[in-house]
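Take a look at the structure below.
The values are calculated or read from the model by the stated rules, or taken from the named source; none is laboratory data. This one's a predicted model, so the numbers in the text were calculated from it and none came from an experiment. FYI the Cβ positions are ideal-geometry reconstructions off the backbone, even for glycines, and counts take in every protein chain you see. Note: areas computed on protein heavy atoms with side chains; ligands, DNA, RNA excluded. Shrake-Rupley method; radii C 1.70, N 1.55, O 1.52, S 1.80 Å.
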Amino acid sequence: ALEGVDRIIHAGDIGPPEILRELEAIAPVTAVRGNMDFGEWAEDIQGTEVVEIGGAIIYVLHNLDQLDLNLGAAGFQAVVFGHTHQPEVRRADGILYLNPGSAGPVRGSKPVSLALVDVVEGRLAPRIVPLV
């Protein structure tokens, strides 16, 4: 599902560290640490990141409840988050809020998914991709 992408953004709860190496073999990865990412391997992974892709500036964090800035005032077009493992695409005040869900194991009734986002001249066109 990720073949041919320009960048991979991982919003935390990575799982084993080998996941990042496997993703890096596909495309450059920007990852944040989730509440399930602990141990020596996770110490260098930041809690938030900023990614610029195709003219769009994207804020990345694991838990949206920990967002502590005004995204629009800070110049962001989107925020990518995880934590709930529930896919979500919504817009509010001109900002895209995107939770790709979880590409890992099935978690109850939540779907296994990821998100693909086309970026053209700073405009973001997201879509959730079911994996199972």
Q. Where only protein heavy atoms count, and the probe is 1.4 Å, what is the accessible area per residue for the chain in Å²?
A. 57 Å²
**Q.** Peptides ranked, highest mean first, by Cβ atoms within 10 Å: ranges 64-75, 14-25
**A.** 14-25, 64-75
Q: With a 1.4 Å probe and every protein chain kept in, tell me what percent of the accessible surface of region 24-132 is carbon plus sulfur.
A: 50 percent
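Set the Förster distance to 25 Å, then compute FRET efficiency between residue 84 and residue 38 from the Cβ-Cβ distance, nearest 0.05.
Plugging the Cβ-Cβ distance into 1/(1 + (r/R0)^6) gives 0.85.
Tell me, what is the FRET efficiency for residue 48 and residue 1 to the nearest 0.05, using R0 = 22 angstrom and their Cβ-Cβ distance as r?
Values: r = 25 Å, r/R0 = 1.15.
Computed FRET efficiency for residue 48 and residue 1 comes out at 0.30.
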Q. What is the projected area of the convex hull of the Cα atoms of the chain, averaged over all directions, in nm²?
A. 7.9 nm²
Q.
Under 5 Å between amide hydrogens, which residues at least 5 positions from residue 112 or on another chain qualify, with H placed 1.01 Å from N in the peptide plane?
A. 131, 132
Q) What number in nm² do you get for region 61-132 if you take the convex hull of its Cα atoms and divide its surface by four? A) 5.1 nm²
